[in-house]
Amino acid sequence: EIYFAGLSGAVPPLPMTAAGLEDLARTTLSPEAFGYIAGSASTERTAAANVAAFGRHALVPRMLRGTAAADARDLSVEVLGTRLAAPVLTAPVGVLELVHPEAELAVGEVAAELGIGSVLSTAASTPIERVGAVSGENWWFQLYWPSDDEVAESLVCRATAAGAKAIVLTADTPGMGWRPRDLELGHLPFLQGKGIANYLSDPVFRSRLAVAPEESVEAMQMAVLTWVSMFGNHSIRTSDVARLREWTDLPIAVKGIVHPDDARAVVDAGASGVVVSNHGGRQVDGAIAALDALGPVAAAVGERADVLLDSGIRCGADIVTALALGADAVLYGRPWVYGLGLAGKDGVRHALRVLLADLDVTLGLAGFASVAELDASVLGG
Ligand code: FNR
């Protein structure tokens, strides 16, 4: 469909690559919005390493294998019991109101339309129930576990009731990373009360406030401070996954795992998935590139859990590489967020369709009829 549109000579409304979307966003979005999306921790060398790591693996396409025609190729997978049309979910990204007013609703709707998954952030600008109502069947909820356990439980129960199909506990953010770009712009979204919607709509959180936040500017400031003080939580341990297990029957994945021992431990504690990720380089600068951590983590968990990867996915070949190295699916991050900033829901749709088309073509040209057939042999083994 994208190619046929090109036949008429029509120029696409937005760039066709992740790099093109980022370039256009740099000159189009406000410096605060662009800095929030693009920024990573400290020197940003882990963010750069995430992308560079894919360049150290090369696909070795196979020829004349009589594989399926384009319309018969099967990109579908099942992860954490969720059936997806392609091995892609949108990564959880908080505070999308900074990027575009359509925010999380646009992402949930488009992912559902394309049959892929979406992961809704705790720090969303829209309450869980509203996003769940438009996100179809295949959405998961990401948990930043606040220091008040009853608030954490309430968020998980709300997500479960709203129809989430899995809970993704983000383990790499017991506190915010050191983010120079936000600091230089004087732009600290959390301290400014952005991304607080799920807390303001939460009855347990509200019970912690002396005055309803709607009463006055001061009451809202108090609510923001209460929220910020809850956000940091260094006390969570691997064994807490078992407590999460008591709050919901949904499958649990733990995001931010890069050490095989941590992967084994969270699976022992009841997780049925791990997301190999360094948060796009936004937390520990100098950390290992996510792709370099994937093989050892996948080997450590074996068949006991599903393995997802994010941090550095920018094109179809990156997804093929990640799957060849042991991932069952990937989370896609920054490129669609630029799309959202550039054109709202249409921009998200564009960024995701371009990725899926690239994956489809790459898979077929590499000699595979389906994602299920992919293994390390595509890397020349
Ligand atoms: C994130 N990420 C993130 N992760 C999470 O668990 N909860 C969140 O609220 C957010 N928020 C967020 C905001 C922004 C602007 C970015 C760029 C990222 C991390 C995200 O889920 C994912 O791990 C990274 O985006 C992957 O890196 P790349 O591929 O986008 O560079």
Item to check | Convex hull of region 111-220 built on C-alpha atoms - directionally averaged projected area, nm² | outcome: 8.3
Next on the checklist: If you split all Cα-Cα distances of region 65-106 into 5 Å bins from zero, what percentages do you get per bin, shortest first?
Outcome noted: 5, 16, 16, 13, 14, 14, 10, 6, 4, 1
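In terms of solvent-accessible area of protein heavy atoms at a 1.4 angstrom probe, what is the ranking of T17, T238, highest value first?
On the way: T17 80, T238 55 Å².
From most exposed to least exposed: T17, T238.
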Next on the checklist: Taking the solvent-accessible surface of protein heavy atoms with a 1.4 Å probe, what is the per residue accessible area of region 5-50 in Å²?
Outcome noted: 51
Checklist entry - Per the 1.4 Å probe, what fraction of the accessible area of the chain, in percent, lies on carbon and sulfur atoms? => result 56
Next on the checklist: When the expected Rg is taken as 2.2 N^0.38 Å, what fraction or multiple of it is the alpha-carbon Rg of region 282-333?
Outcome noted: 1.11
Checklist entry - Using alpha carbon centroids, what distance separates region 163-180 and region 235-286, in Å? => result 10
Checklist entry - Given region 1-151, what whole percent of its Cα pairs are spread farther than 20 Å? => result 67
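Could you give the length gained on full extension between E137 and E113, defined as 0.36 nm per residue of separation minus the Cα-Cα distance, in nm? Numbers along the way, then the final one.
Working: separation 24, 0.36 × 24 = 8.64 nm, distance 1.04 nm.
Here the answer is 7.6 nm.
Is there a quick way to get the dipole size of the chain? I mean about its Cα centre, with the Cβ of Lys and Arg at +1 and of Asp and Glu at -1; what is the value in debye to the nearest 20? Numbers along the way, then the final one.
On the way: 27 positive and 44 negative charges, 113 e Å.
So the magnitude is around 540 debye.
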Checklist outcome for this item: With the charge dipole of the chain built from beta-carbon charges (+1 for Lys and Arg, -1 for Asp and Glu) about the Cα centre, the Cα from A161, A86, G9 projecting farthest to the positive end belongs to G9
Next on the checklist: For the chain, set up a GNM with springs between Cα atoms under 10 Å and report which of L225, L80, L291 has the largest fluctuation.
Outcome noted: L225
Checklist entry - Pairing the Cα long axis of helix 45-54 with the longest principal axis of the chain, what angle in degrees results, from 0 to 90 and rounded to the nearest 10? => result 30
Item to check | Acute angle (nearest 10 degrees) that the helix 149-161 long axis makes with the longest principal axis of the chain, alpha-carbon atoms | outcome: 50
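In Å³ and rounded to a whole number, note down the convex hull volume per residue for the Cα atoms of the chain. Please report the intermediate quantities before stating the final value.
On the way: hull volume 50.0 nm³, N = 381.
Cα-based convex hull of the chain, divided per residue, equals 131 Å³.
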Checklist entry - So how long is each side of region 22-92 along the principal axes, counting just the alpha-carbon atoms, biggest first, in Å? => result 49, 30, 27
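May I ask you to derive the FRET efficiency for D148 and L64 from their Cβ-Cβ distance with R0 = 45 Å, giving the value to the nearest 0.05?
On the way: r = 61 Å, r/R0 = 1.35.
E(calc), rounded to 0.05, equals 0.15.
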Item to check | region 19-158, relative contact order in percent, only Cα pairs under 8 angstrom and at least six apart counted | outcome: 16
Checklist entry - What is the Å³ per residue value for the convex hull set by the Cα atoms of region 294-372? => result 90
Item to check | C-alpha long axis of helix 18-28 to longest principal axis of the chain, angle in ° | outcome: 40
Checklist entry - In straight Cα distance, which aspartates and glutamates are under 12 Å from K345, not counting same-chain residues fewer than 8 positions off? => result E102, E104, E109, E113
Item to check | the chain: relative contact order as a whole-number percent, Cα under 8 Å and 6+ apart | outcome: 25
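The values are calculated or read from the model by the stated rules, or taken from the named source; none is laboratory data. Here the structure is a predicted model, which means the values were calculated and not measured. Neighbour counts run over all protein chains shown; Cβ positions are idealised from the backbone, glycine included. Ligands, DNA and RNA are excluded from the accessible area calculation, which covers all protein heavy atoms including side chains. Shrake-Rupley method; radii C 1.70, N 1.55, O 1.52, S 1.80 Å.
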